[in-house]
Amino acid sequence: MTSPPPSLSATSESPVCHRVLVGITGASGAIYGQAVLEILADLQSVETHLVITAAGRRTIAHELDMPLRRLETLADAVHDVRDIGAPPASGSFPLHGMIVAPCSVHTLAAIACCQADNLLLRAADVCLKERRPLVLMLRETPLHLGHIRAMAAVTEMGGIVFPPVPAFYDRPRTLADIVRASALRALRLLGLTDVAAGIRPWCGRP
């Protein structure tokens, strides 16, 4: 696993100004994690860190045509989910925000209960306590009351629950169009203005 530098600064050689942590869990929808990583990889202003749960690795192998090692190369740094001592586990590690794409109900519930027994959960908890953006692309339906209460708890803590519900006003032609549009909207919630150019806004009734 690679280790990121202790500090982050924008220079003429390194235009990075944001450090974003991407989490991928075992919920169906690994394609959302792939889309998020591909979008961030095209942004010179972003340094991307990645952590994948064990269940996430199984889902990636089942759902994506892209091998795990190729997916990991889209990130600037990859951290073992078991490494609770990795840099993102500390609030002193400069981090602009975190997105979990997709987010399982298991991960949602653990974040809602302030559990931190792996790196992904600890990093999410750090984002909340440090008042940093945390976006959870929850993949589950239908929802029972326990799911709804967990979503409410995370929202009350300052997190953003973002189920990837597609918009059809821009007439998407392919599955990739739908997935990318949701990924862009979710990333915009992190305050990444560079992604806004890829979002087609609704401009009123035709």
Cα-based shape type of region 82-197, given that a ≥ b ≥ c are square roots of the gyration tensor eigenvalues and the cut on a/c is 1.5: oblate
For the chain: span of alpha carbons on each principal axis (Å, largest first): 50, 46, 34
Among R139, R57, R70, residue whose mean-square fluctuation peaks in a GNM of the chain (springs only between Cα atoms under 10 Å): R70
Descending Cα extents along the principal axes, region 11-125, whole Å: 42, 35, 19
For region 148-190 and region 87-147, distance of Cα centres in Å: 15 Å
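Values in this text are rule-based calculations from the coordinates and carry no lab data. Every value quoted in this text rests on a predicted model; they were computed, and no experiment measured them.
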